[in-house]
Amino acid sequence: MIGIFALLLLCVFKYASTILVPLTFAILLSLLFAPVVQLLARLRIPRRIGAAIVVTGIVTVIAGGIMALAEPAEGWLDKSPQVLHEIEKKLQKIKQPLKQIQEAAEKAEVLTELDQNAMKMEVKPNTEKLIESLFSATPEVLTFFVLSIVLLYFMLYSGKTLVEYIIRAIFWLAHQRNTVDMGRLIQQEISRYLLTITIINICLGITVALALTLIGLPNPILWGTMVTLLNFAPYIGAICSAIVITIVSLVTFDSLFTILLAPAVFLIITSLEGQIITPQILGDRFSMNPLLVFLTIVFWGWLWGYVGALLAFPLLVSTKILCQSVDVLKPFADFLEDT
C-alpha cells in the first residue's frame, strides 16, 4: 500500500505540474517577501496595498530584466551554429601544437574550406526552430507566470501562507502540540534562509559580472544573471555556468591564457562563495549532504524541468527546517545533515 501510494503521489506531482509548480514557486516567494509586507504594515500601509506594491515591484524587475537581457540572449542563440563552428576551429588550433597530430590539421583545413552559403543555410532552419519553440512554449510560460503572481498576491495579502496550514497538519499527524510561536518560528527560519541565500546569489552574480567585465567578456550582465539563477541549484548550477562561460570565452578570445582566464576566475569566485562565505553566513544548521542535494536536484529537475531543479534545494532546506522542529521527523532531519 505504501508503494502504491508513493507511485500515485509521484504521478500527481508529474501530471499536476502545471498547477503545483507555480503554487510551490509562489509559496517560496511569499516566504521570501513576507517580511517586506510586514514592514509596510508597520508603516501603516494596509496589507492589501503592501502586497500589491511588492508584487508590482517583482513584476517590474522581472519584466525589466527580460527586456534588458532578451536581445543579447537572442543574439547568442541565433548565432549558435557559427559559435559551434568557431569552437571547432579553435579547438583544432589548440590541439595542433599540443598533440602534433596530422589528422587534426587535416580536419581543421576541411572546416576552414566550408562554403559560407552552406553555413547560412544551417543558421536559418535553427533560428526558425528556436522561434517556433518559443511561440509554442508561450502559453505554458504565461500560465506559470500569471498563476504565480496571482497566488503570490493572495498569500501576501492574507498574511497566512499555505506553509502555516502544512505545519499544522504535520504537527497534528505527528501527535505533537503545535503552538503559534512554533509555527511562526519555522516560517521565520525558512524566510531567513530564503532571503539570505537570495542575497548571496545576487552578490555572487554581481561579482562574476564585474570580473568578466574586467576580463573583457561580452555581455557580462547576462552571464552574471545566469550565475545568480543557476546558483540556486548547488553543484549542477556551477557546472552549467562554468561550461557556458568557457564556451563564450573560447569564442571571444584567441590565446589559451585568455580563454582559460574567465572560467578560472569564475571557479575561484564560486568556490569561495560555496566553501567559505555561504557556510560562514548560514552556519551548520543549513548544511546538507552533498549526495542528497545532487539527487534531489536531479529528481525535481526530471519531475518539473528546469524550474524544479532551481526549486529543489530551497525545498530541501525548508523540509529540513520543518523536520528539525517535529520530534518524530528529527531522524529524517539528521539524515539530511552533512556528515
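For ALA51, the test of being closer than 13 Å to LEU152 by Cβ and either at pLDDT below 90 or assigned to a helix (DSSP H, G or I) (or both) is passed.
What are the residues in the stretch 268-298 that are of a type in the set (A, V, I, L, M) and over 17 Å from the mean Cα position of the chain (by Cα), if any?
Of all residues in the stretch 268-298, those of a type in the set (A, V, I, L, M) come to 268-269, 272, 276-277, 281-282, 288, 291-293, 295, 297-298.
ILE268, ILE269, LEU272, ILE276, ILE277, ILE281, LEU282, MET288, LEU291, LEU292, listed by residue number.
Just one of (1) of a type in the set (A, V, I, L, M); (2) touching a Phe, Trp or Tyr at 6+ places or on another chain (Cβ under 9 Å); (3) loosely packed, with under 13 Cβ neighbours inside 10 Å fails for ILE276. It is (2).
Go through the stretch 35-55 and count every residue that is without any contact (Cβ under 8 Å) to a residue 12 or more places away in the chain and touching a helix residue (DSSP H, G or I) at 6+ places or on another chain (Cβ under 9 Å). Lay out the reasoning, then the answer.
Keep residues of the stretch 35-55 that are without any contact (Cβ under 8 Å) to a residue 12 or more places away in the chain, which gives 38-39, 41-46, 49.
Still in the list and also touching a helix residue (DSSP H, G or I) at 6+ places or on another chain (Cβ under 9 Å): 38-39, 41, 43, 45-46, 49.
Counting residues in the stretch 35-55 that are without any contact (Cβ under 8 Å) to a residue 12 or more places away in the chain and touching a helix residue (DSSP H, G or I) at 6+ places or on another chain (Cβ under 9 Å) gives 7.
Looking across the stretch 169-202, the residues that are without any contact (Cβ under 8 Å) to a residue 60 or more places away in the chain and hydrophobic (A, V, I, L, M, F, W, C) come down to ALA169, TRP172, LEU173, VAL180, ILE199, ILE202. Say whether the condition of being at negative phi, charged (D, E, K, R) and in contact (Cβ under 8 Å) with a residue 40 or more places away in the chain is met by at least one residue in the stretch 285-292. No, because not a single residue in the stretch 285-292 is at negative phi, charged (D, E, K, R) and in contact (Cβ under 8 Å) with a residue 40 or more places away in the chain.
For THR127, are the conditions met, namely being hydroxyl-bearing (Ser, Thr, Tyr), outside the structural domain of GLY305 (by TED's automatic domain parsing), at pLDDT 80 or above and surrounded by 12 or more Cβ atoms within 10 Å (Cβ to Cβ)? Let's see the steps before the verdict.
Working: hydroxyl-bearing (Ser, Thr, Tyr): yes; outside the structural domain of GLY305 (by TED's automatic domain parsing): yes; at pLDDT 80 or above: no; surrounded by 12 or more Cβ atoms within 10 Å (Cβ to Cβ): yes.
When the stated conditions are applied, THR127 does not pass them.
Taking the stretch 246-273 as the range and being crowded, with 16+ Cβ neighbours inside 10 Å and outside any helix (DSSP H, G or I) as the test, only PHE253 passes. Among the residues making up the stretch 1-11, those that are aliphatic (A, V, I, L, M) and loosely packed, with under 11 Cβ neighbours inside 10 Å are MET1, ILE2, ILE4, ALA6, LEU7, LEU8, LEU9.
Considering only residues that are among the aliphatic types (A, V, I, L, M), touching a residue at least 24 places away in the same chain (Cβ under 8 Å) and surrounded by fewer than 21 Cβ atoms within 10 Å (Cβ to Cβ), which ones fall in the stretch 204-237? First the steps, then the outcome.
From the stretch 204-237, those among the aliphatic types (A, V, I, L, M) are 204, 206, 208-212, 214-215, 217, 221-222, 226-227, 229-230, 233, 236; that's our starting set.
Pick out the ones that are also touching a residue at least 24 places away in the same chain (Cβ under 8 Å) and you get 204, 208, 211-212, 215, 217, 221-222, 227, 229-230, 233, 236.
ALA211, ILE215, ILE221, LEU229, ILE236 - these are the residues of the stretch 204-237 that are among the aliphatic types (A, V, I, L, M), touching a residue at least 24 places away in the same chain (Cβ under 8 Å) and surrounded by fewer than 21 Cβ atoms within 10 Å (Cβ to Cβ).
The values are calculated or read from the model by the stated rules, or taken from the named source; none is laboratory data. It should be emphasised that the depicted structure is a prediction, and the values quoted were computed from it without experimental measurement. Note that we place each Cβ from the backbone using ideal geometry, even for glycine, and neighbour counts take in every protein chain shown.
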